[in-house]
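Rule-based calculations on the coordinates, nothing more; no lab input. No experiment lies behind these values; they were computed from the predicted model shown. Cβ atoms come from the backbone with ideal geometry, glycine included; neighbour counts cover every protein chain shown.
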């Protein structure tokens, strides 16, 4: 499933085609994705202007001038592509490299921005684990999707002091704590493994032992690995691609994730894989304590 860096990369790709532009026409090619689409979904979006496009955890949030916010989640295989109008052929669009078009479930036809051209935004999702919702903007933060989320790991609220507070007395592993969306929003298996390695913290260490110097190292490592991954366009392991159809390449920089049996880049030991809460964890038992 795409994690925070992949969703942020998608947001940055969508923003030029969406922010400040009106949705000339919205099309829903089916009534449901992971969940049923909201009532009159396409009708409520058609004619609305996107005033802002931001990310919260793994959600994309398009604030509309109608007083609603369009919340979007990529799920396992969801992909947005932006098709720009062909300049010499009115009504035709330059197609990005996308999967089978039979899985194009939602389409937004966007007006031309100032000095720009119209764009067609396509949401393609073969597995249909993605979803979309329309929520009154005034109640968005209290919606079932956002109300229990912890701080953004790239925001000021995520700090060593926060980790000291939230992890004190927590009777779970360091890995499980970071995967908990109440502790920090948007982290998933890949970047938790990589951050713990950078912080030299064992994923099996009890979370309650982290406050102090370890929490300071961890907060810094989380921020650094996410910033590096965003700069690399995210990680493409199976279905993920950006809005132009290009793959991310941070997977080529993994230090432990998916490297079971290979040499640790830090100490030369052997990277191990264990299973925690049904998920694979990759780490170096020699330098992660």
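Worth a mention:
- Listed values [x] 61, 39, 34; [y] 52, 50, 50; [z] 65, 47, 31 include one computed from this model; for Cα extents along the principal axes in Å that value carries the label [x].
- Overall form of region 243-289 per C-alpha gyration tensor (a/c, 1.5; a/b vs b/c): oblate
- Anisotropy class of region 4-142 from Cα gyration tensor, a/c 1.5 cut: rounded
- A helix-only calculation puts the chain at -6500 deg cm²/dmol for mean residue ellipticity at 222 nm, using -39500 (n - 2.57) for each DSSP H run of at least four residues, averaged over all residues.
- Structural descriptor for the chain: relative contact order 19 percent, calculated from alpha carbon pairs under 8 angstrom and at least 6 residues apart.
- Note on 205, 21: ascending count of other Cβ atoms within 10 Å places them as 205, 21, the fewest first.
- Compared with the dominant principal axis of the Cα atoms in the chain, helix 4-18 is inclined by about 20°.
- Highest average first, the peptides 131-143, 175-187 ordered by how many other beta carbon atoms sit within 10 Å of their residues are 175-187, 131-143.
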